[in-house]
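**Q** Have a look at the structure that comes next, please.
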Amino acid sequence: MTKSWHPVQVARRLEEAAGYLELGLPERALERLQGVSHPEFGPAIAFMRAWALAAQGEHGKALGLFRQVAQQLPAPWNRPAWHAVARCLEATGQTVAAANALACARGANQGAVKIKLVLVRKRRPRNGKPSSGPSESSNSKP
């Protein structure tokens, strides 16, 4: 049988988990959130669990929860979740996807903005030294 959580109990557990995260103890935060559920607090619980997972370096697991929260909440309340999605994507080496998540955090519709990453390589002269501007004439006299 699952425990029925009172909203005050859920809020207290969320505050405790946040405190443990501030102290750098994500495993304790996850312990405080173990088994906690409430329909009205679903996104907040998932968000806090995701932060704890990200703090442990488990960005892949955190990414799924952050995306879930970002899609459940309406704008502008989903912006912190989109920022967190971007951080997790960047941590996993998905730079372009991270840029798209940041666009969603800034208010763009998900899927409406597609950013392409273009890398530009600066060319060097054949002698291997960058040019420093116009060269002085060697035959000028003082």
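**Q** Around Val36, under 13 Å between beta carbons, what's the net of Lys plus Arg minus Asp minus Glu among the other residues?
**A** Once positives and negatives cancel, what remains is +1.
**Q** Please work out, to two decimal places, the log10 of the ratio I(q)/I(0) at q = 0.22, 0.23 Å⁻¹ from a Debye calculation in which every Cα of segment 1-44 carries one identical scatterer.
**A** Log-scaled intensity ratios, in q order: -0.70, -0.75.
**Q** Something else: If we count every other residue with Cβ under 15 angstrom of Arg67's Cβ, Lys/Arg +1 and Asp/Glu -1, where does the sum land?
**A** Net local charge, Arg67 excluded: +2.
**Q** Starting from a Cα-only point model with no solvent, please compute log10 I(q)/I(0) by Debye for segment 7-105 at q = 0.10, 0.12, 0.18, 0.25 1/Å.
**A** Computed log10 I(q)/I(0) values: -0.25, -0.36, -0.79, -1.27.
Read the figures in this text as sums done on the coordinates, not as results from a lab. Predicted, not measured: the structure shown is a model, and the values here were computed from it. With ideal geometry, Cβ positions are generated from the backbone for all residues, glycine too; neighbour counts draw on all protein chains shown.
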